[in-house]
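What follows draws every value from the coordinates through simple rules; no lab data is involved. What you see is a predicted model, and the numbers here were worked out from it, not measured in a lab. Reconstructed Cβ throughout: ideal geometry from the backbone, glycine too, with neighbour counts over all protein chains shown.
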Amino acid sequence: MNAEERLRAEVTRAALAIGAPEGFEPVLERPREHAHGDWATTAALVLAKALRRKPADISRDLVAALDATAAGVAESAVAGPGFINFRLDAARLAAGLHGVLAQGRAFGRGNTGAGRAVNVEFVSANPTGPLHVGHGRQAALGDAISALLAHSGWKVTREFYYNDGGGQIERLRDSVHARIVGAPLADDQYHGEYVKDVASAFVTDLAPRLGVSEAEAVEHVRRRWRDDAGLRDDVRRFAVAYLRAEQDADLKAFGVAFDVYYLESSLYSDGKVASTIEALKATGHTFELDGATWLRTTDFGDDKDRVMVRSAGKGGEPTYFVPDVAYHVTKWERGFTRAVDVQGADHHSTVTRVRAGLQALGIGIPQGYPEYVLHQMVTVVRGGEEVKISKRAGSYVTVRDLVDEVGRDAVRYFFLMRKGESQLVFDVDLARSQSEENPVYYIQMAHARLSGIFRVGGISAESVTGESVDWGQLGAPEERELVKAILDWPSLAAGAAEALEPHRVAGWLLDTARLVHLWYHKHHVLGEPEPVMRARLALASAARITLANALGLLGIAAPERM
């Protein structure tokens, strides 16, 4: 039982002793002001109605009934209309570090998921060009959410959904053709330098297959393009495969890997779209109007019904949300009763429609399925000016541009330091700076400084187990606050996983790094009297472990020196 659990148990016992109803569970939280203590409870306010007494009177009785020794409390104080603040005994508080040292890399892990399967889909970029910074933010979010869920005991499958069909793929094909034959590009075609690379690679691949020179291969394409559907399809397939490989290289540079790549085209070739349409018709939630088939999405909370299959006069094709419904049916059939989709905020309109289609089929009731994490786009700034284009991509900044310029760790942290639904300004100059103003540098320096203590002292950090440590030596204010931050890590990680909010981890890292630097500057470790040095080495090791664990969840390195 840790210090928090011990205190909660004793507050519960004291509350029952003064008449609280059976089953009462007090809430403990950190006071906003460190000077107020280590923990606070509103138990008296909660009990006022049941006990028909003033909260201030209940607070005083609770404090009187509390066994301070059993609770590990050095001081209790009633504040305001019924708050109780507790300051723990320094030794009892710091003794929690023993468990940190024992668990090491496992410290903070939970088992909320209990091994259940969850599918996390993210990035899912169209294979029409390099990944832009919006995809990068999504990659960082999805990867960190996956790591947090795995950290909480879920069996996570990371999935990338390739939209390898439709009009944008036809535009890509025609753009590559224009680059091959030297024709002008239309305004709605792809203008980036990467299209030239695709065109050049196609010609290099085609020439030996035809047994001709590359110049002759270009003429072959020029002559046969209009009448040779096979050639056009060959260019389309080659371009998609080439850019898929390029995107994989972008993701590798960013340190992101997927377990499953799912092709949209397979939904059609495998008959999943057709079978989903028929299944929806069988539910009684569809109707015919003006030659089109509609889904009555208003039955499931939408503001109006939606066309599911267009009329014959408009092509007779399914509308864009139907393949998404079919795709999520496959997730459900693959055993993913929980699915998380990380997407850009421009997908907001699809959320209700996809969920409505699934609920009509009896999937994801009553909870929302899938769960959506929507993020805003990224503005890149250098020298105070917005950067809008990339030579490689033509009209946008790529993830690779940022990684090459400031490094993977900085890109990941900056993408994760704000809540996904908030706008993000990526300041390249700040991300490159080696200063306290750069948050990722500041955090990594904290870990490096802690590592340096052991390196300079010739001490293995792994040899510090917490045995025979006088925890009462860690009573200075800077030490108490750092201890509390470390011990709060498991609940912080659990809350971030439950809310699907990695920015909480980024914030905890920055706050804890500040505490590390403050402690490092105010308190020596090496050369102090043996009891003090042993206790501070234990604190340094526990802080080092916890920083590394948190950085790892965000996919960021924990350097030994900088």
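Using only Cα atoms, tell me the angle between helix 348-360 and the longest principal axis of the chain; keep it within 0 to 90° and round to the nearest 10.
Taking the Cα atoms of the chain, the angle to 348-360 is about 90 degrees.
Give me the net charge of residue 116's neighbourhood, meaning all other residues with Cβ under 12 Å from the Cβ of residue 116; Lys, Arg count +1, Asp, Glu -1.
Surrounding charge for residue 116 is +2.
On the Cα set of region 3-88, report Rg and Dmax in Å, please.
Rg then Dmax for region 3-88, in Å: 11.5, 33.
How much length is gained on full extension from residue 60 to residue 2, taking 0.36 nm per residue of separation minus their Cα-Cα distance?
This chain segment gains 18.4 nm when fully extended.
Given (1) 20, 50, 24, 6, 0; (2) 18, 40, 30, 11, 1; (3) 20, 56, 23, 1 as candidate values of P(r) over Cα pairs in 20 Å bins from 0, in percent, which corresponds to the one derived from the coordinates?
(2)
In sequence order, what are the phi-derived ³J(HN,Hα) couplings for region 285-294 according to the Karplus relation 6.51 cos²θ - 1.76 cosθ + 1.60 with θ = phi - 60°, rounded to whole Hz, with x for glycine and proline?
Couplings: 9, 10, 8, 9, 7, 6, x, 9, 9, 10 Hz.
State the extension gain, in nm to one decimal, for the chain segment bounded by residue 29 and residue 303, taking 0.36 nm per residue of separation less the distance between their alpha-carbons. Mind showing how you got there, number by number?
Working: separation 274, 0.36 × 274 = 98.64 nm, distance 4.06 nm.
94.6 nm is the gain from fully extending residue 29 to residue 303.
Could you give the angle, 0 to 90 degrees to the nearest 10, between helix 272-282's Cα long axis and the longest principal axis of the Cα atoms of the chain?
It works out to around 80 degrees.
Report the paramagnetic label zone for residue 312: residues of region 255-291 whose backbone N is under 13 Å from a point 7 Å from Cα along the Cα-to-Cβ axis.
Output list for this probe position: 291.
Whole-Hz Karplus ³J(HN,Hα) for region 92-109, in order, using 6.51 cos²θ - 1.76 cosθ + 1.60 and θ = phi - 60°, x for Gly and Pro?
So the Karplus estimates, Gly and Pro as x, are 5, 5, 6, 4, x, 5, 4, x, 4, 5, 5, 7, x, 5, 7, 4, x, 5 Hz.
Please identify the GluC sites (Glu not before Pro) of region 321-426 that satisfy two criteria: DSSP loop assignment and at most 13 other Cβ atoms within 10 Å. Which are they?
Answer by residue number: 421.
Can you list residues from other chains, or at least 5 along the same chain, whose modelled amide H is less than 5 Å from the amide H of residue 339?
Sorted by chain and number, the residues that satisfy this are 119, 371.
If the chain between residue 463 and residue 106 were fully stretched, how many nm would it gain, using 0.36 nm times the residue separation less the Cα-Cα distance?
126.8 nm
Once R0 is set to 35 Å, what does the formula 1/(1 + (r/R0)^6) return for the Cβ-Cβ distance between residue 268 and residue 204, expressed as a FRET efficiency to the nearest 0.05?
0.65
Testing the spin-label approximation: label points 7 Å from Cα along Cα→Cβ at residue 216 and residue 233. State their distance in nm.
Output for this residue pair reads 2.6 nm.
Mean residue ellipticity at 222 nm from the helices of the chain, using -39,500 (n - 2.57) per DSSP H segment of n ≥ 4 over the full residue count, to the nearest 500 deg cm²/dmol?
About -16000 deg cm²/dmol.
Once label points are set 7 Å from the Cα along Cα→Cβ at both residue 455 and residue 437, what is their separation, rounded to one decimal in nm?
2.7 nm
Could you list 451, 491 so that the one with the fewest beta carbons within 10 Å of its beta carbon is first and the one with the most is last?
Details: 451 21, 491 12.
Sorted ascending by nearby Cβ count, the order is 491, 451.
Evaluate E = 1/(1 + (r/R0)^6) for residue 290 and residue 320, where r is the Cβ-Cβ distance and R0 equals 22 Å; express this FRET efficiency to the nearest 0.05.
The pair residue 290/residue 320 has a calculated efficiency of 0.75.
What are the residues whose amide H is under 5 Å from the amide H of residue 433, where those residues sit 5 or more places off or on another chain and H is modelled from the backbone?
Those qualifying (amide H under 5 Å, at least 5 residues apart or on another chain) number zero.
Region 248-329: which chymotrypsin sites (Phe, Trp or Tyr not before Pro) are DSSP loop and have at most 12 other beta-carbon atoms within 10 angstrom?
Loop-located and lightly packed - 320.
Less than 12 Å Cβ to Cβ from residue 325, Lys/Arg counted +1 and Asp/Glu -1: what total charge do the surrounding residues give?
Details: positive: 272, 306, 331, 353, 355; negative: 324.
Local charge sum for residue 325: +4.
What does the charge count near residue 236 come to, summing +1 for each Lys or Arg and -1 for each Asp or Glu among other residues with Cβ under 10 Å from its Cβ?
-2
Among DSSP beta bridges whose residues both lie in the chain, state the antiparallel percentage, nearest 5.
DSSP beta bridges in the chain are roughly 50 percent antiparallel.
What is the order of 520, 413, fewest Cβ neighbours within 10 Å to most?
On the way: 520 20, 413 25.
So the ranking, lowest neighbour count to highest, is 520, 413.
Quick check on the exposure proxy: order 417, 1, 533 from fewest to most C-beta atoms within 10 angstrom.
1, 533, 417
Going by amide H atoms built from the backbone, whose H comes under 5 Å of the H on residue 74, apart from near neighbours?
When sequence neighbours closer than 5 places are left aside, the close amide H contacts are 87, 88, 89.
Can you tell me which lysines have their Cα less than 21 Å from the Cα of residue 522? Leave out same-chain residues fewer than eight positions away.
Straight-distance partners of residue 522: 484.
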